Structure formats: structure tokens, C-alpha cells
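Since the structure comes first, as C-alpha cells, the remarks are kept for the end.
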There are 2 protein chains.
Amino acid sequence: MAQNDGFMAEALHEAVLAGQRDEIPVGAVLVLDGRIVARSGNRTRENNDPTAHAEMNVIREAARLLGQERLTGADLYVTLEPCAMCAAAISFARIRRLYYGAEDPKGGGVHHGGRFYAQTTCHHAPDVYSGIEERRSATVLRDFFQAKREPG
Amino acid sequence: MAQNDGFMAEALHEAVLAGQRDEIPVGAVLVLDGRIVARSGNRTRENNDPTAHAEMNVIREAARLLGQERLTGADLYVTLEPCAMCAAAISFARIRRLYYGAEDPKGGGVHHGGRFYAQTTCHHAPDVYSGIEERRSATVLRDFFQAKREPG
């Protein structure tokens, strides 16, 4: 499966940075030929863009840099199970492998909800590897929401 | 339901323009307070962006213009049933009503595939009105693909 934990560590770093910007702390990196070509955390608040999830940001950035719609052979590392929007975008971009950290029973679209890759309306599914650095990914999220709930 | 066929005609116009740019001819307009605030066709090729579906483009543009992530009270008109990616983005943007033209059994995510709005992972569903200008929407798509198949 050629997984590289270093890449998930980089995605986790992006998640932490997102949290520091008061964004939901999810991070992603996009890897092509063993090299990170795009990295991002959530930027929905900063960009006033409800679609600016970490996965969308790295896909759009990599496609822009490479000058092509399809990122065939690219691998995506993200700290949380992608939602339906991102799962579909990963398919459209022809991502080869998807590595993700924590499961997202409330909003996930890979192993929860509409399970996009299992539908006949899905025309390309990446290989999916879940549970990579799961505990750290979940902790970053839990700490963020816990801090939100505590009275300042 | 306060539907306005004039808005779907505008979305159809965007679909035709998209086809002329050699993009899959789907068009959308986003309406707030009875006024079109964003309009677009597919721009995946032009922008080298696999996420640049018509719906995504108008949501991102409207959110940018309004300086807010959520488009509460906005209505979206699109010529084709949204895919899973766009269906979820419509939910995240808190779109009030979704009007669409043709059904998309092969790639739709509203009444086909993962049926995003019917999932417990969906936390806001728009009111959905389908079959608006369905025949014209489907014809634009069919003519486009037919022309592609014909030897030049």
C-alpha cells in the first residue's frame, strides 16, 4: 500500500494550523511521485467559501499547478473521513489512493452516509486506507471543540 | 413554491454557453431576494479544476460576493440533477430551494446514487423541485454528446 506516515504527519500539521485560524481542524496533503504538491487545512471561514474543505483545497491547487483536471496517480492524505462533497471530488480528480485518519459518523461520505464509492453513480473509486494516525487526528478535533465549549 | 421559469431559462443560457466552450453543457444561477447574484456554466476544462461544476461556481462566487459562508434564503437553479459533490455543497451553503431540470441517473446525487439529502449525515436539505424545463435541459446535453460522437 506504500503508505508513508510522514505524509499524514504533514496533514496533521495542516489540521493544527487550521484550528489556530479558528477553522475546523482538518488538514490534507496531496502527494504525486513521492512529493507533496499541495497542502491545506480547512479554509471555509477565511475564504468565505463553504466548499473550501482541506481536500477540495489541495485538489484544486494541485490541478491548477499541474494544469490538468485529473490527478491520476496522486495520493491524498486527510486527517478526517471525507464528506460526500470531498469524496466525489476525489473521484472526479481520479485520485489513486485515499488515506484518512479518523472516522466521521456524523458527516462522512466514504464509510458513512451515501458511501459514494459504493454507488453505481461513482465512476472512479480510489483505494481507501482508513485509521491512519486516527487517534491524533481525532484528538486535534476533540480538543478544538472542547476549547470552544469552555467559557472563555 | 415561488418558482420562476425565467431563472431556469437563464441557467439554460449558461448551459449553452458552456457547451460552446466545449464544457459539458450544464448551467446554474443563484438567486437571492428575487435577483440573480451569480451565474455560471461548467468550467472544469477552462479552469483545470475538477470541482468547477456550475453549482459549485455559483455558490463560491455568491459566498465571495456576499462575504459569508452561508447563503441562507438563496435559491439555486441548475439544468441537471446535482452530483454528490454539488448536492453536499448546496447543503453546506444552506441553500433554501433547489430547482433542477433533467434527472441524471448516471451521476446524480439527489434522487440517484447516495441521495445525500436523505442521509443522516446531511444536516440541512433544501426543498427540491425537479423537472423544471427538463426537456430543454436534456436536449442541450444530448445534442452536445451527439455532436461529439459524429465524425468531424
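The values are calculated or read from the model by the stated rules, or taken from the named source; none is laboratory data. What you are looking at is a predicted structure, and each value in this text was computed from that prediction instead of being measured. No Cβ is skipped: glycine too gets one built from the backbone with ideal geometry, and neighbour counts run over all protein chains shown.
When you check residue B:138 against the structure, is it among the small types (Gly, Ala, Ser), within 23 Å of residue A:46 (Cα to Cα) and touching a residue at least 24 places away in the same chain (Cβ under 8 Å), yes or no?
No: the conditions fail for residue B:138.
Among (1) free of Cβ contacts under 8 Å to residues at least 60 places away in the same chain; (2) out of contact with any helix residue (DSSP H, G or I) (no Cβ under 7 Å at 6 or more places or on another chain); (3) in a helix (DSSP H, G or I), which single condition is residue B:47 missing?
Result: residue B:47 fails condition (3) only.
May I ask you to verify whether residue A:59 is assigned to a strand (DSSP E or B) and among the hydrophobic types (A, V, I, L, M, F, W, C)?
So residue A:59 does not fit the description; no.
Can you spot a residue in segment A:84-95 that is under 17 Å from residue B:91 (Cα atoms) and part of a loop (DSSP other than H, G, I, E, B)?
Checked against the condition, which is being under 17 Å from residue B:91 (Cα atoms) and part of a loop (DSSP other than H, G, I, E, B), segment A:84-95 yields no hits at all.
With the structure loaded, tell me whether residue A:88 is facing another protein chain (nearest Cβ under 7 Å) and in contact with a Pro (Cβ under 7 Å, 6 or more places away or on another chain) or whether it fails that test.
When the stated conditions are applied, residue A:88 does not pass them.
Looking at segment B:26-33, can you tell me whether even one residue there is buried (at least 24 other Cβ atoms within 10 Å of the Cβ), assigned to a loop (DSSP other than H, G, I, E, B) and not small (Gly, Ala, Ser)?
Yes, that holds for at least one residue.
For segment A:68-85: of the residues being over 15 Å from residue A:125 (Cβ atoms) and within 8 Å of chain B (Cβ to nearest Cβ), which is farthest from the chain's Cα centre (by Cα)?
A:68
Give me a count of the residues in segment B:115-151 that are in a helix (DSSP H, G or I), loosely packed, with under 14 Cβ neighbours inside 10 Å and at the interface with another protein chain (Cβ under 8 Å from one of its Cβ atoms).
The number of residues fulfilling the criteria is 0.
Every residue, every condition in (1) surrounded by fewer than 24 Cβ atoms within 10 Å (Cβ to Cβ); (2) modelled with pLDDT of 95 or more; (3) facing chain B (nearest Cβ under 8 Å), yes or no:
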| position | (1), (2), (3) |
| --- | --- |
| A:21 | yes, yes, no |
| A:41 | no, yes, no |
| A:52 | yes, yes, no |
| A:59 | no, yes, yes |
| A:66 | yes, yes, yes |
| A:95 | no, yes, no |
| A:101 | no, yes, no |
| A:113 | no, yes, yes |
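Given the condition touching a residue at least 24 places away in the same chain (Cβ under 8 Å) and on the phi > 0 side of the Ramachandran plot, answer yes or no: does some residue in segment A:11-30 qualify?
Checked against the condition, which is being touching a residue at least 24 places away in the same chain (Cβ under 8 Å) and on the phi > 0 side of the Ramachandran plot, segment A:11-30 yields no hits at all.
Output the residues belonging to segment B:108-138 that are farther than 13 Å from residue A:113 by Cβ, in contact with a strand residue (DSSP E or B) (Cβ under 9 Å, 6 or more places away or on another chain) and not charged (D, E, K, R).
B:108, B:110, B:111, B:126, B:128, B:129, B:130, B:131, B:132, B:137, B:138
In segment B:21-29, is there at least one residue being farther than 23 Å from residue A:116 by Cβ and β-branched (Val, Ile, Thr)?
yes
Confirm whether residue A:17 is at pLDDT 95 or above, away from every other protein chain (no Cβ under 11 Å) and under 11 Å from the mean Cα position of the chain (by Cα).
Considered against the rule, which asks whether it is at pLDDT 95 or above, away from every other protein chain (no Cβ under 11 Å) and under 11 Å from the mean Cα position of the chain (by Cα), residue A:17 comes out as no.
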